[in-house]
1. Report the per residue volume, in Å³, of the convex hull enclosing the C-alpha atoms of region 90-169.
2. Based on Cα coordinates alone, diagonalise the gyration tensor for region 58-123, multiply each eigenvalue by 5, take square roots, and list the semi-axes in whole Å, largest first.
3. Work through the residues other than I220 whose Cβ is under 9 Å from its Cβ and net out their charges, Lys, Arg +1 and Asp, Glu -1.
4. Trypsin sites (Lys or Arg not before Pro) within region 102-168: which are DSSP loop residues with at most 13 other Cβ atoms inside 10 Å?
5. In square nanometres and to one decimal, what's the mean projected area of the convex hull around the Cα atoms of region 174-273?
6. Stokes-Einstein D for region 179-233 at 20 °C, 1.002 mPa s, Kirkwood Rh over Cα pairs, in µm²/s?
7. How large is ³J(HN,Hα) for each residue in region 77-92, as worked out from phi by the Karplus curve 6.51 cos²θ - 1.76 cosθ + 1.60 (θ = phi - 60°), to whole Hz, x for Gly and Pro?
8. Please give the Cα centre distance for region 73-133 versus region 203-272, rounded to the nearest Å.
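The values are calculated or read from the model by the stated rules, or taken from the named source; none is laboratory data. What you see is a predicted model; the values in this text were computed from it and never measured. Here the Cβ positions follow ideal geometry from the backbone for every residue, glycine too, while neighbour counts run over all protein chains shown. Surface areas here come from the heavy atoms of the whole protein model, side chains and all, with no ligands, DNA or RNA. Shrake-Rupley method; radii C 1.70, N 1.55, O 1.52, S 1.80 Å.
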Amino acid sequence: MKKWGTLIIALLMVTSLLAACGQNKNNNGDAPESGAANNGNAGKKVVTLGTSADFAPYEFHIKNEKGEDEIVGFDIEIAKEIAKDLGAELQIKDLQFSSLMNELNSGRIDFAISGLSPTPDRQKEVDMSKIYFTATQAVVTRAGEEGSYKTIDTLVGKKIGVQKGSIQEEIAQTIQDAKITSLAKTQDIMMQLKTGRVDVAIIEGPVAEAYVSNIDGLTIAEAQPEAEDDGYIVAVKKGNDELLEKVNATLTRLMEDGSMEEYIQAASELAVK
Ligand code: ARG
C-alpha cells in the first residue's frame, strides 16, 4: 500500500512538472498550439484572447468565490461565447493595451476584445467585427474640482492622464498645450490623479463610473470629450476571414437574444461592488 502511494505521488509530481513545462512554453508565446486552428495537447482546440484587464466593466480582475484571481467583464463573456461557438477552449492573456495589435499580427493571440474603438489606424493593421456596444468619453477629476472642468476648453494647458495607445491619448493630443501623461494601465492613471500629479483623466464613461464609485475623492466632470470612433469591436488578424465571420455570427446572436445587454448589466453591477 505504502509503495503504491509513493509511486502515485511520484507519478503525480512528474505529470505536474510536465504540465508546468507546457505552461511555460505557452507563456513565452512561442508554442504554436495556442492558435485557433491548431489542436492543443489535450486534443481540444484552444482559442486565445488578448485583453488589457484594467477596464471595468469591460475586463477586470476580481477575487472569485474561491478566493482566486479571475478576469471578468462583459468583453470576457463575449469571448467565452465566441470560444463556445468555435468549440474551443478559451485562453485569456492579460496584456498591455498598447501591445494588442502587435500580439494579434504576430499570431500570439487569436482575437482581441478590450473596449477597442475602430480607429482608422487600427483598421489598417487588423480586421474588425461589427460594433457590439457604444459609450461616450468622460473626464475624471478630484471631487471638489469638477467646477473647473465644465467644457472641454477648460482642459487647455492642463495635466491630462490617459492610457498609452488609446483613443483618449489621441483626444488629449488635440487639446492645446496639454501636458499628457500616458500610462500602460488605467489604475495607474487614477493613482496619478488621486495624488495630484495630473489634473484630469480622460477615459470611457462606463470605466469612469466604475472608478469614481470605487475610489473615494474622484468624480466625473461635465466636460465631454468627443471621440471620432464610437463603438467597440472585436479585432482579428488581417485576412482571418474565417474567424471574423464566426465572431460576427456570435455577436449577432448575443445582440439579438438579449444576452449582450445582460452581460453589460451584470458586469456593471460587479464593477461597483
Ligand atoms: N476605447 C479606447 C481605445 O480603443 C480605450 C480602450 C482601453 N481598453 C482597455 N482594456 N484598457 O483606444
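1. On the way: hull volume 11.7 nm³, N = 80.
Per-residue hull volume (Cα only) is 146 Å³.
2. Numbers: eigenvalues 99, 44, 27 Å².
Semi-axis lengths for region 58-123 are 22, 15, 12 Å.
3. Working: positive: none; negative: E146, E209, E222.
Here the count lands on -3.
4. Details: sites: R108, R122, K124, K130, R142, K150, K158, K159, K164; in loops: R108, K130, K150, K158, K164.
Filter output for region 102-168: K150.
5. Working: hull surface 35.8 nm².
Average projection, Cα convex hull of region 174-273: 8.9 nm².
6. Working: Rh = 12.3 Å.
The calculation lands on 174 µm²/s.
7. Residue by residue, region 77-92 yields 4, 4, 4, 4, 5, 4, 4, 4, 5, 8, x, 10, 8, 8, 10, 10 Hz.
8. 12 Å
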